[in-house]
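J.: Provided herewith is a single structure, encoded as structure tokens, for subsequent inquiry.
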Amino acid sequence: MRHVMVPDSLGRVLCTGALQREPDAGNKFRYTHTAMLGQTRSFTDFAIFSAPAVFVVLWASGFVGAKLGLPYAEPMTFLAIRMGAVVIVIGVIAFITRPSWPSGMAVVHSIVTGLFVHGCYLGGVFFSIDHKLPAGLSALVVSLQPVLTSTLANRLLGERVVLRQWLGLALGIAGVYLVVHGRTEGAAPFIAWLGATVALIGMTIGTLYQKRFGGGIDWRSGFFVQYAAACVLFTILAFAFETRQVQWTGEFVIAVAWLVFALSFGAVWLLYFLIRRQAATRVVSLFYLTPPFTALMAWVMFGETLAPLAIAGMGVCVAGVALVNWRLGQVSKDT
């Protein structure tokens with residue numbers, strides 16, 4: 001091991017450290033600067049630490065995109081346009097960067113994940129809201145996902161869910177109820193409730209399926225297959241059940257652009273990033289924070305009322321997520 005100083009282009013010392021001698025793939029030796037490795041690890045640690053907060057904000061912002069876009073297009077048509085735009089963008093990225101492409105069962109796994117995570121979840125939520133199920137009740141149904149995921153993860157993935165985490169999951173449900181309480185006026189037909197239930201089941205199965213089978217697939221090629229499968233599904237549904245009329249207003253274009261880049265790329269990539277590095281129970285507990293943040297965004301951007309009970313519910317949600325994710329530094333014990 002050699003100790004060195006690393007200069008910049010003007011000869012000034014940027015950092016000091018050691019060169020570590022390591023064998024490379026050709027049985028020759030290369031030198032790795034340990035100070036640079038430390039900087040890389042620090043950045044990675046920061047990214048892992050900040051990812052949950054960024055994910056919650058981006059995922060909650062989907063409400064804004066839906067509120068802007070749904071008045072100008074039917075739900076399946078809206079989603080078909082969104083998925084088609086994502087496929088084009090990710091196709092360009094894949095063409096430029098040339099990632100490895102899945103084959104055989106890996107393609108099947110990506111298709112299944114896409115149909116559940118993007119097809120069932122998004123389709124179910126948009127369908128239920130379009131059929132007069134208030135957004136608050138739809139959020140309440142989908143918020144059962146952490147409990148359902150934890151139960152299945154305990155049985156199917158062997159993830160140990162301790163009593164403290166079950167208490168946190170229960171607090172999350174109570175907090176979400178407080179947030180949406182009083183915002184659920186209006187009757188909804190059974191088919192609207194069925195759509196929300198499909199969203200709940202689809203996202204739960206998709207999360208567990210991605211955790212079990214999707215970890216080794218490059219995100220660029222995996223996303224392309226997933227979104228292409230969802231695009232085909234929504235296109236078929238739009239042609240079968242909708243008029244496919246779209247009003248190309250500025251609000252609709254902004255909504256599609258936001259949902260494509262902030263949600264379909266940013267939020268979904270962070271979701272898979274977290275799934276690969278943490279237990280499924282910890283990751284899905286973050287969904288408890290989505291309704292509170294959505295309510296807060298609606299208050300700021302659209303002037304929707306935020307009752308004291310809702311504010312109290314936000315605090316309960318935060319407490320529940322904190323219990324589920326306590327002592328994140330020892331993830332391996334829970335996985």
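The values are calculated or read from the model by the stated rules, or taken from the named source; none is laboratory data. Predicted model, so just to flag it, every value in this text is computed and none were measured. Quick reminder, even Gly has a Cβ in these numbers, built from the backbone with ideal geometry, and neighbours come from all protein chains shown.
J.: Please work out if TRP59 is within 30 Å of MET301 (Cβ to Cβ) and out of contact with any His (no Cβ under 6 Å at 6 or more places or on another chain). Spell out the reasoning first.
T.: Details: within 30 Å of MET301 (Cβ to Cβ): yes; out of contact with any His (no Cβ under 6 Å at 6 or more places or on another chain): yes.
Yes: the conditions hold for TRP59.
J.: Quick one: which helices (runs of 4 or more DSSP H) sit completely within segment 274-330 and have at least 2 residues that are at pLDDT 70 or above, under 26 Å from ILE205 (Cα atoms) and in the same structural domain as LEU171 (by TED's automatic domain parsing)? Please lay out each step first, then the result.
T.: On the way: elements: 280-284, 290-302, 308-324.
Fully inside segment 274-330 and qualifying: 290-302, 308-324.
J.: Checking the structure you have, find out if any residue of segment 41-61 is assigned to a helix (DSSP H, G or I), crowded, with 20+ Cβ neighbours inside 10 Å, of a type in the set (Ser, Thr, Tyr) and modelled with pLDDT of 80 or more.
T.: no
J.: Which one of these does MET76 not meet: (1) assigned to a helix (DSSP H, G or I); (2) farther than 19 Å from SER264 by Cα?
T.: For MET76, the failing item is (2).
J.: Follow-up question, since we're still on this one. Collect the residues in segment 210-248 that are among the polar types (S, T, N, Q) and closer than 13 Å to ILE81 by Cβ, keeping them in residue-number order. Break it down stepwise before answering.
T.: Applying the first criterion (among the polar types (S, T, N, Q)) to segment 210-248 yields 210, 221, 226, 235, 243, 245, 247.
Of everything in segment 210-248, those that are among the polar types (S, T, N, Q) and closer than 13 Å to ILE81 by Cβ turn out to be THR235, GLN245, GLN247.
J.: Let me ask something else. Between residues in segment 219-242 that are under 16 Å from VAL260 (Cβ atoms) and residues that are not in a helix (DSSP H, G or I), which pairs lie under 6 Å by C-beta distance while being six or more apart or on different chains?
T.: From residues that are under 16 Å from VAL260 (Cβ atoms), the pairs are ARG220/PRO99.
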